[in-house]
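Single-structure report; data block below.
Derivation of every value follows stated rules applied to the coordinates shown; laboratory data play no part. Keep in mind that what you see is a predicted model, and the values were worked out from it rather than measured. Cβ: placed from backbone, ideal geometry, glycine included. Neighbour counts: every protein chain shown.
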Amino acid sequence: MTNYPSAYIDYLVYFHGDRDYFECHEVLEEYWKEHPGDPLSGIYVGLIQVAVALYHQRRGNRNGAVKMLKQAIRGLHNPLVEQLGINGEQLQARLKQRLEELETSPELPYTDLDLCLSDAELTERCSRIASGRGKTWRQPSDLGDRYLLNKHTLRDRSEVIRERERQKQRKQQIKIKRDE
């Protein structure tokens, strides 16, 4: 089996098991930032954008979903996407269809979108992990789960705020030392 990054596996489990698009965006974004020279960086960004697009669409932010889908389609138009066990042609077709639906029929109700995984072992592994977390692989989004729909406003951000303050202080100290 291909050795995929654990953050990518987590992304897929959140994407297809929890349908927690906010969380899958978070885990893959962190990995992407920690590995700036990775040749698959652009694909990670495209996958992050797909998750953000679906998060927006599910919350009723059609404009945000359209913007993110357009960017994702461009970013994922790359043959390297196959290295992540994804059928690139099918994914492009699926994303373009969703974009067309959003642009021409904005009143259509939200439906989940699955990534086009082509690696059966990867799919099985992620399905087992989801099951171990009490989730069903490719289960539909729970549209009644307020936290899932609004996680960006309801989550505990205290650690993020502390880290931003630490980074701000660190930058100030570097500037002071440079100015001395």
(request) Taking 7 Å along the Cα-to-C-beta vector as the label spot, tell me the Leu108-Gln173 distance in nanometres, rounded to one decimal. (result) 5.3
(request) Just need the Rg to Rh number for the stretch 1-99, please, alpha carbons only, Kirkwood Rh. (result) 0.94
(message) Restricting to Cα pairs below 8 Å that are 6+ residues apart, what does the relative contact order work out to for the chain? Please round to a whole percent.
(response) 23
(message) Could you tell me the ratio Rg/Rh of the stretch 84-152? Both radii from Cα atoms, Rh via Kirkwood.
(response) 1.03
(message) If you filter the stretch 1-64 for GluC sites (Glu not before Pro), then keep DSSP loop positions with at most 13 other Cβ within 10 Å, what is left?
(response) none
(message) Below 22 Å, Cα to Cα, which lysines can Lys168 reach? Residues fewer than 8 away in the same chain don't count.
(response) Lys33, Lys177
(message) If each DSSP helix of 4+ residues adds -39,500 (n - 2.57) and the sum is divided by the residues in the chain, what number results at 222 nm, nearest 500 deg cm²/dmol?
(response) -20000 deg cm²/dmol
(request) Specify, per residue and in Å³, the volume enclosed by the convex hull of the alpha carbon atoms belonging to the stretch 107-146. (result) 79
(request) Mind sorting out which of (i) 18.4, 57; (ii) 18.0, 61; (iii) 32.9, 113 is the real Rg and Dmax of the Cα atoms in Å computed from the coordinates? (result) (ii)
(request) Loop only per DSSP, at most 16 neighbouring Cβ atoms within 10 Å: give me the GluC sites (Glu not before Pro) in the stretch 46-125, ordered by residue number. (result) Glu107
(request) Return the long-range amide H neighbours of Ser141 (sequence gap of 5 or more, or a different chain), with a cut-off of under 5 Å between placed amide H atoms. (result) Asp112
(request) Tell me which residues come under 5 Å, amide H to amide H, from Ile86 once H is placed; ignore anything under 5 positions away on its chain. (result) Ser118
